[in-house]
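Here's the structure we're looking at; comments come further down.
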Amino acid sequence: MPAWLEIDGGVPLRGQVAVSAAKNAALPALAAALLTSEPVHLENVPALADVATMAGLLETLGASLARDGAGMRVRVERLRSDLAPYELVSTMRASVLVLGPLVARHGSARVALPGGCAIGPRPIDQHLKGLARLGAEIVIENGYVIARASRLKGARITTDLVTVTGTENLMMAAALAEGTTLIENAAREPEVDDLAALLTAMGARIHGAGTTRLEIEGVPELAGATHRIVPDRIEAGTLIVAGAITGGDVTVTGVVPDHVSAVLAKLEECGVGLEVGPTWVRARGPARPQAADVTTSPYPGFPTDMQAQLMTLLGLADGQSRVTETIFENRFMHVAELGRMGARIETDGAIAIVQGVPGYQGAPVMASDLRASAALVLAGLAARGRTTVARVYHLDRGYERLEAKLAALGARIERRA
Ligand code: EPU
């Protein structure tokens, strides 16, 4: 049986905890190393299952990787293969991030189509349309995207919707294209910005990072670089909620407060006591949270990756809240499990109506995806009695030693296998 977590809830968490580097910035940063024959040194790479999957994929493509303390050195002197096989892409959709770099540097890529996953169908049509605009010839054969181009050419691309990895893929491809590319309706997530910073350090010419309009002047070659990955704003938000939901007093350090401002604004509305410093956030839990409505949207809106965790807090609020998920079609898998702990939540399509209850009861529950598992851990920390969270491998994809960090704050939480 895969590992599970045992949590004896009801302990108010207290103390300081540091966030790790962002998973969703580390994955594109690793893929970016495919764009150059020189070494790329990432100074702080979180030890996560998804990072190991991406590292494994890069190795099959010809990369040599070495852990270097908290960091990683990656060098792709020569590309050995252009294939991202189904076995890898189906376990981690972010594998698709190798598509842009492979076509741009190697002139070809064969990447398995990701298909659906627990939170929705998640197509990659915008990645493909954009690459086609850059001159790639794209066919779909036997479940694989096959893309070819002798040299990509700069173009004007307007994506039909805001896509994070789509923007990243196109930005990486455009960095080595001939001429200038404009990406309109670009994602503004801090992780996109972080990738732009790495690419710039590698010699790319990118203007407008952090806005919806990216202008990329292609260069013939990129060089190696050293880069520090941004802190994980979703991990930070999760730890802040952990402090709040247990009625504790937790200071989360190593945060970029601007990156969590939508989350902080909502928590403030819920009555969480917040103090914000230059690189930290202190959260003190209210005796009982207040209800609040929330709608997920692209950055700088409220992140879909914090929806489940906030809902767990709202489940204990005094009153009724409404949670609207606009990014993914099926991201309410935590609702039924929270129900097993006593939450009263009903969903209707993209809307969840949360009727606050005074407390959760510990129960055996099962994680369905990364953020849902974080939500169940939070519920377990607040609950009376014991909660066991099964399928904790979902958590390991994106949280570095979460149970150790929570235990250091006083939580009674243990991993069992
Ligand atoms: N979409 C399309 N076509 C495309 C691309 C996206 O229809 O070509 C749709 C998606 O199906 C979704 C929406 O557009 O409904 C937004 O998807 P996006 O492409 O922005 O998501 P992503 O790039 O696949 C990243 C994060 C996710 C995070 C989302 C939204 C990485 C590696 N993953 O995914 O992170 O939820 O952006 O912010 O950056 C997580 O960490 O738990 C996670 C799922």
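Quick note: the coordinates plus some simple rules give every number you see, no bench work behind them. The shown structure was predicted, so the numbers you read here are calculated from the model rather than taken from an experiment. Cβ: placed from backbone, ideal geometry, glycine included. Neighbour counts: every protein chain shown.
Quick notes
- Shape category assigned to the stretch 203-273 from the gyration tensor of Cα positions, a/c cut at 1.5: prolate
- Positive end of the dipole of the stretch 29-144 (Cβ unit charges, origin at the Cα centre): among Leu34, Ser90, Leu134, the Cα lying farthest that way belongs to Leu134.
- Gyration tensor verdict on the stretch 98-187 (Cα atoms; rounded if a/c is under 1.5, prolate if a/b is larger than b/c, oblate otherwise): oblate
- Peptides 368-376, 67-75, 144-152, 184-192 ranked from most to least packed give 368-376, 184-192, 144-152, 67-75, packing being the mean of other C-beta atoms within 10 angstrom over each peptide's residues.
- Between the residues Ala201, Val145, Trp4, the greatest Cα displacement towards the positive end of the dipole of the chain, with unit charges on the Cβ of Lys, Arg, Asp and Glu, is found for Trp4.
- Förster radius 35 Å - calculated FRET efficiency between Thr326 and Glu178, Cβ distance, rounded to 0.05: 0.40
- Once the convex hull of all Cα atoms in the chain is built, its volume per residue stands at 121 Å³.
- Nitroxide proxy distance, nm - points 7 Å out along Cα→Cβ at Leu113 and Ser297: 3.2 nm
- The protection proxy used here, the mean number of other Cβ atoms lying within 10 Å of each residue, ranks peptides 33-45, 339-351 as follows, highest first: 33-45, 339-351.
- Charge dipole (Cα centre; +1 on Lys/Arg Cβ, -1 on Asp/Glu Cβ; no other charges) of the stretch 291-402 amounts to roughly 400 debye.
- Ratio of Rg to Rh over the stretch 1-89 (Cα coordinates, Kirkwood Rh, two decimals): 1.12
- A Förster distance of 35 Å, applied to the separation of the beta-carbon atoms of Ala404 and Ala265, puts the FRET efficiency at 0.75.
- Relative contact order of the stretch 268-417: 18 percent, from C-alpha pairs under 8 Å at least 6 residues apart in sequence.
- Computed P(r) (all Cα pairs; the stretch 257-365; 5 Å bins; percent): 2, 13, 23, 23, 19, 13, 6, 1
- Over the stretch 41-155, relative contact order from alpha-carbon pairs under 8 Å, at least 6 apart, %: 19 percent
- Calculated [θ] (222 nm, deg cm²/dmol) that DSSP helices of n ≥ 4 give over the chain, each run adding -39,500 (n - 2.57): -9000 deg cm²/dmol
- Cα convex hull, the stretch 277-319: 92 Å³ per residue, rounded to a whole number.
- Rg(Cα)/(2.2 N^0.38 Å) for the stretch 46-156, N = residue count: 1.10
- Calculated FRET value between Arg213 and Ser90, using beta carbons and R₀ = 35 Å, to 0.05: 0.55
- A straight Cα-to-Cα reach below 23 Å connects Lys129 with the lysines Lys153, residues fewer than 8 places away in its own chain not being considered.
- For the stretch 150-261, the fraction of alpha-carbon pairs in successive 10 Å shells from zero, as %: 14, 38, 26, 14, 6, 1
- Mean sequence separation of contacting Cα pairs (under 8 Å, at least six apart), scaled by the length of the chain, corresponds to a relative contact order of 21 percent.
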